[in-house]
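Okay, so here's the structure we're looking at.
The values are calculated or read from the model by the stated rules, or taken from the named source; none is laboratory data. Note that the structure is predicted; figures quoted are calculated from it, not measured. Quick reminder, even Gly has a Cβ in these numbers, built from the backbone with ideal geometry, and neighbours come from all protein chains shown. These accessible areas exclude ligands, DNA and RNA; they are computed on the full protein's heavy atoms, side chains included. Shrake-Rupley method; radii C 1.70, N 1.55, O 1.52, S 1.80 Å.
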Amino acid sequence: MHKKEVLPVIPSTDMYKGEATAPVELVLFGDYESNETRQLNEILNEVLENFEGKLKLIFRHFPMTQVHQRAHKAAEAAIAAGQEGKFWEMHQLLMERPHSLGITSLKSHAREVGVVNKKFLEQLMNSDFGWNVQDDLRAGIELGIREIPVLLINGQIMDKPLNLSRISKTIESELKQIKASSKTKKRLVA
């Protein structure tokens, strides 16, 4: 009997879009069957373009399984794709195809985005990444999240409504505060 090789799993918190050292971090809690999450995802794609180089976006999985039965498995598929550096490609495809999140569709989506793992389907069937989804869910519950989508900007939950204008103004405010803070530090050092 041979020993099963255990590889470290890249958590969703390490699968970001944007700049690793960006001054503003956006964290979106949502799921792949939520219309509101999909709408906010589109807004955040635009925000990333508008503030290029100044943002880091992380997606945390918060499947509302009471109403979105396939959201948990879709989240597992995204994390599985992320193990090959294909998280954001898979994420975008899942956002675009919320009505095709069954196991067979997820495997097909993974192939489409370039996942080559021959054990992808087996890992999905065995819920190999289910704990990672649960970690995100637990983190959201600890923050007091009960519904989605929720957006955090530099660790602070943003009040709704979550639209392009309000999100952009909040980011601009954060950037100004960071700039003012760094000027103050420079004066103190000098």
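Things to note:
- Taking a Cβ cut-off of under 12 Å around I79, the surrounding Lys, Arg, Asp and Glu residues balance to a net charge of -3, with basic ones at +1 and acidic ones at -1.
- Taking a ≥ b ≥ c as the square roots of the eigenvalues of the alpha carbon gyration tensor, segment 18-73 is prolate, as a/c is not under 1.5 and a/b beats b/c.
- Couplings 3J(HN,Hα) for segment 121-137, derived from phi with the Karplus relation 6.51 cos²θ - 1.76 cosθ + 1.60 (θ = phi - 60°), are 4, 4, 5, 5, 4, 8, 6, 4, 9, x, 5, 5, 5, 4, 4, 5, 4 Hz, where x marks Gly and Pro.
- Principal-axis tilt of helix 87-96 within the chain, Cα atoms, nearest 10 degrees: 80 degrees
- Accessible surface of the chain [probe 1.4 Å, protein heavy atoms]: carbon and sulfur percent: 52 percent
- Cα-based helix-to-principal-axis angle, 71-82 vs the chain, degrees rounded to 10: 80 degrees
- Modelled label positions at Q69 and I141, each set 7 Å beyond Cα in the direction of Cβ, lie 2.2 nm from each other.
- Protection-proxy order for peptides 15-23, 36-44, 141-149, each taking the mean of Cβ atoms within 10 Å per residue, highest first: 36-44, 15-23, 141-149
- Rounded to two decimals, the Cα radius of gyration of segment 60-143 over 2.2 N^0.38 Å is 1.01.
- Amide N proximity, segment 50-94 versus I10 label position 7 Å along Cα-to-Cβ, cut-off under 13 Å: 78-91
- Size descriptors for the chain (Cα atoms only): Rg and Dmax, in that order, 18.0, 66 Å.
- Between L175 and E52, the modelled labels are 1.3 nm apart [label points 7 Å from Cα along Cα→Cβ].
- Crossing angle, helix 164-189 versus the chain [Cα axis fit, 0-90 degrees, rounded to tens]: 60 degrees
- Descending Cα extents along the principal axes, segment 96-140, whole Å: 30, 24, 16
- Phi-derived couplings, Karplus 6.51 cos²θ - 1.76 cosθ + 1.60 at θ = phi - 60°, listed residue by residue for segment 24-35: 10, 10, 9, 10, 9, 9, x, 9, 7, 9, 8, 4 Hz, with x used for Gly and Pro.
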